[in-house]
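One structure is given below, encoded as structure tokens.
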Amino acid sequence: MNHTLPPTRDVPPRRQAQIRARLEQEVGRGRRATRFAPLIAAGVAAAAVIALVAVAAPWQRGGADTAASRSGYPTTAPPRTYSTAERPVIANLSPERVAEVERGCVESAGIDGKAVLHQYVTDTIGTFALLYTEDAMLSCTVDGPTMPYNSGFTAMLEIEWLPGEFAADEIGSASGGDGGKPEYAGKPGYDMVAGRVSSKVARVTFTQGGQTAEATIANGTFVARIPRPSDWEVPADRGAGDVRAYDAQGGLLGTLEAFSRERCYMNPEYVIVVGNKEADPTTCLPAVSWRH
């Protein structure tokens with residue numbers, strides 16, 4: 001198993017300025033957090049958010065550890081047939097409010113492009129917005145103690161494709177607010193996971209630190225958050241936890257597994273869309289179109 005990080009990429013000057021602004025914003029938060037993101041996105045995610053650690057969070061399609069030549073894909077690649085996700089419906093939010101959240105989270109993250117809101121969740125931790133651009137996921141805290149929108153992001157994603165029936169685009173933890181700035185006092189800590197699912201997924205569970213949460217599934221995405229006490233500190237050795245997805249009959253579709261740089265997923269055109277882009281496509285597993 002190879003845990004070597006991907007090569008460092010040059011960052012355009014405009015992007016450097018955005019990342020710097022993001023770092024300055026994170027320094028002022030006063031809460032310790034740890035984020036786990038797909039290794040293919042680590043170059044951007046790690047640079048964009050200070051004190052956050054980006055590591056692998058890959059998925060295995062349930063029981064499908066076979067080469068693409070045995071996957072059912074034809075030997076000659078057909079044209080793309082995946083469907084584009086329809087405009088998400090966010091219950092109890094007006095179109096004007098949806099537009100405000102989309103704009104505010106993008107500006108907070110300091111990234112280019114237009115983001116589409118897929119989930120808007122309010123729980124004991126607070127309000128959380130999950131958004132996607134053409135190649136990035138935004139995890140955005142709404143109406144926090146210091147700012148109306150506070151968004152991190154995971155970039156360089158192949159949004160159209162999943163490595164199996166689902167993808168954990170971000171797994172993270174944040175300490176409670178009692179150990180930070182006064183305005184965060186009383187705020188709970190949390191563990192969380194968020195990502196995308198195919199139409200086969202009916203249920204997702206997230207287990208971390210001895211507790212299990214049921215994910216909210218909506219608009220081809222899932223979000224699960226486990227609240228922690230306000231004086232809780234993220235353990236130094238916090239791992240990614242356990243994430244499991246099930247179909248409507250209760251069948252296990254896949255689980256989080258140890259990452260292998262050699263693992264790869266390809267689309268029907270034999271183009272590698274997730275994982276080791278230098279691999280032989282015929283050795284890759286079949287990628288699943290998002291919300292196919």
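Please verify whether the stretch 114-126 includes one or more residues that are at pLDDT 90 or above and aromatic (Phe, Trp, Tyr).
Scanning the stretch 114-126, I find at least one residue that is at pLDDT 90 or above and aromatic (Phe, Trp, Tyr), so the answer is yes.
Could you check the stretch 262-284 and list, in sequence order, the residues that are within 16 Å of Ile159 (Cα to Cα) and open to solvent by less than 60 Å² (accessible area, probe 1.4 Å)?
Listed by number, the residues that qualify are Cys264, Tyr265, Met266, Asn267, Pro268, Ile272, Val273, Val274, Gly275.
Say we look at the stretch 181-197 and pick out the residues that are open to solvent by 30 Å² or more (accessible area, probe 1.4 Å) and not in a helix (DSSP H, G or I); which of these is modelled with the highest pLDDT?
Tyr190
Give the stretch 198-239 a look and list any residue that's in contact (Cβ under 8 Å) with a residue 60 or more places away in the chain, aliphatic (A, V, I, L, M) and surrounded by fewer than 24 Cβ atoms within 10 Å (Cβ to Cβ), or say none.
Ala218, Val234
Within the stretch 105-132, how many residues turn out to be without any contact (Cβ under 8 Å) to a residue 24 or more places away in the chain, open to solvent by 10 Å² or more (accessible area, probe 1.4 Å) and of a type outside the set (D, E, K, R)?
Qualifying residue count for the region: 3.
The values are calculated or read from the model by the stated rules, or taken from the named source; none is laboratory data. As the structure is a computational prediction, the values presented were derived from the model and not from experiment. We place every Cβ from the backbone using ideal geometry, glycine too, and count neighbours over all the protein chains shown. Protein only, heavy atoms only, side chains kept; ligands, DNA and RNA dropped before computing areas. Shrake-Rupley method; radii C 1.70, N 1.55, O 1.52, S 1.80 Å.
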